[in-house]
1. So residue B:248 clears everything in (1) surrounded by fewer than 16 Cβ atoms within 10 Å (Cβ to Cβ); (2) closer than 17 Å to residue B:120 by Cβ; (3) of a type outside the set (S, T, N, Q) except one condition, right? Which one?
2. Here are the criteria: (1) within 14 Å of residue B:161 (Cα to Cα); (2) within 14 Å of chain A (Cβ to nearest Cβ). Tell me which single one residue B:95 does not satisfy.
3. Show the residue pairs that are 6+ apart or on different chains and have beta-carbon atoms under 9 Å apart, the first residue being within segment B:148-162 and over 16 Å from residue B:210 (Cβ atoms), the second being open to solvent by 60 Å² or more (accessible area, probe 1.4 Å).
4. What's the number of the condition residue A:36 fails, among (1) open to solvent by 40 Å² or more (accessible area, probe 1.4 Å); (2) more than 10 Å from chain B (Cβ to nearest Cβ)?
5. Just the residues that are in contact with an Asp or Glu (Cβ under 7 Å, 6 or more places away or on another chain) and open to solvent by 50 Å² or more (accessible area, probe 1.4 Å), please, taken from segment B:88-121.
6. Among the residues in segment B:183-200, are any assigned by TED's automatic domain parsing to the domain that holds residue B:87, open to solvent by 20 Å² or more (accessible area, probe 1.4 Å) and more than 21 Å from residue A:49 (Cα to Cα)?
7. Within segment B:112-127, can you find the residues that are in contact with a Cys (Cβ under 9 Å, 6 or more places away or on another chain) and either within 14 Å of another protein chain (Cβ to nearest Cβ) or of a type in the set (A, V, I, L, M) (or both)?
8. Can residue B:237 be described as of a type in the set (Lys, Arg), open to solvent by less than 60 Å² (accessible area, probe 1.4 Å) and within 19 Å of the chain's Cα centre (by Cα)?
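The values are calculated or read from the model by the stated rules, or taken from the named source; none is laboratory data. The shown structure was predicted, so the numbers you read here are calculated from the model rather than taken from an experiment. Here the Cβ positions follow ideal geometry from the backbone for every residue, glycine too, while neighbour counts run over all protein chains shown. Ligands, DNA and RNA are excluded from the accessible area calculation, which covers all protein heavy atoms including side chains. Shrake-Rupley method; radii C 1.70, N 1.55, O 1.52, S 1.80 Å.
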Amino acid sequence: MTDIETKLITLASKRFDKDATGFTATDDFFEKLGIDSYQAMDMLTEVEEAFDVEIPDYELNGVNTFGGLAQVIGRRL
Amino acid sequence: MSELFGGVGGDVRSRVARAVLRGEHYRSLASRWVKGDERPFRDPEAYARLGRRATPRSFTGEALRWQHEGETLLVTLDHGPVNEIGNLMLDELEELSTYLERGAGGARALVFYSAREKGFSAGADLRELYDGIQERRRDGVPLLRQAHELRRFIDRIHHVFDVFDTVPLTTVAAVHGFVFGGGFELALTCDVIIADKSARFCFPELRLGLVPGFGGIPRLNRDLGNGIVRDLLLTGRSLRASRAHEVGLISQVVARGEALNVALKVAEQAARFDRDTTALAKPFIKPLPRRDLDREKELFTYLFASPVVEAALKKFVESDDVRPYLP
């Protein structure tokens, strides 16, 4: 996994109190984290703060995996 | 102030202040400063007298409640899931605006906050709106006529929001989580917005084939540069609290769960100032964008008559997407 993916998985699992053991970049983060619409929005805020980036919501259309989200983040670092 | 009222005594100053608020030409620059503003609250002294007589001083409805905390009127939005603004919420917001027009029980400041965990307000009640369209269709009412019926709702909420915008108290929105659409528009009526770090601000209306209908664009234009306004509106993206602070949309960003505490401190501080001075300064600091608010109502009504809106609402209410708000 890339550094961004590792940091992202650690951040998300801690935020939603999940054990990240076995999480991979290709995992669907909605499934793994079991989050609703409010928590998805909250995760975006956490990610923006942690990586010091701004991610317009429309860039997340169709993004469901940790790896996909890491790519979006990487384009803005 | 010293330039405006230089050398005049307290009584004269007070008369000038009241004259300016009444919109009279008082041989002063002040009359030009406030010319064109809407002032439902024209005389600070009369307003204060009204407030001392106002009863009852608390209210508990199905969507919101209010009570006095010292000199602050604390308004709590508490209607599931996230304070959607439909007919019930509007009825009770109207109760509140009437209370404000009658003196607000003598309060010196007002704080709005939400007791709902997920946010301040997710905006207009789109399910109620969609169900209403379907019901009226079954009654044989064409969309164009429905748009004219909806205009009555829009006129009512504009009146209420204009009262919140211009009431001669310092008003503070303490926000968290979803601050979307109509909820964002409610926050924008306030003099000061305090957001905790979970807050996100968004105007998703163009995705629905509409513009914000509760005064959002004119108030955003009043507060922000048009570049960020275009970005927010034309893409439907959301802003987190710290970014909203950077662009000047909100006054303070605070830790999660602390927005109300900080908002009450802001209100307490503002309440220490002279009542007349605040009443006089506010329309100068924050003029009501009357012409654009009227234009917005016309545009919203026109757009609502398009079948694009009904199709977009249908897609929204039937969506099982975890992020239905995404543009």
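1. Evaluating residue B:248 over (1) surrounded by fewer than 16 Cβ atoms within 10 Å (Cβ to Cβ); (2) closer than 17 Å to residue B:120 by Cβ; (3) of a type outside the set (S, T, N, Q) leaves (2) as the failure.
2. Status for residue B:95: all satisfied but (2).
3. Final answer for the pair search is B:162/B:38; B:162/B:40.
4. Result: residue A:36 passes all but (2).
5. Answer for segment B:88-121, where residues must be in contact with an Asp or Glu (Cβ under 7 Å, 6 or more places away or on another chain) and open to solvent by 50 Å² or more (accessible area, probe 1.4 Å): B:88, B:116.
6. Checked against the condition, which is being assigned by TED's automatic domain parsing to the domain that holds residue B:87, open to solvent by 20 Å² or more (accessible area, probe 1.4 Å) and more than 21 Å from residue A:49 (Cα to Cα), segment B:183-200 yields at least one hit.
7. Selection gives B:123 alone.
8. Details: of a type in the set (Lys, Arg): yes; open to solvent by less than 60 Å² (accessible area, probe 1.4 Å): yes; within 19 Å of the chain's Cα centre (by Cα): no.
Taking the combined requirement at face value, the residue does not satisfy it.
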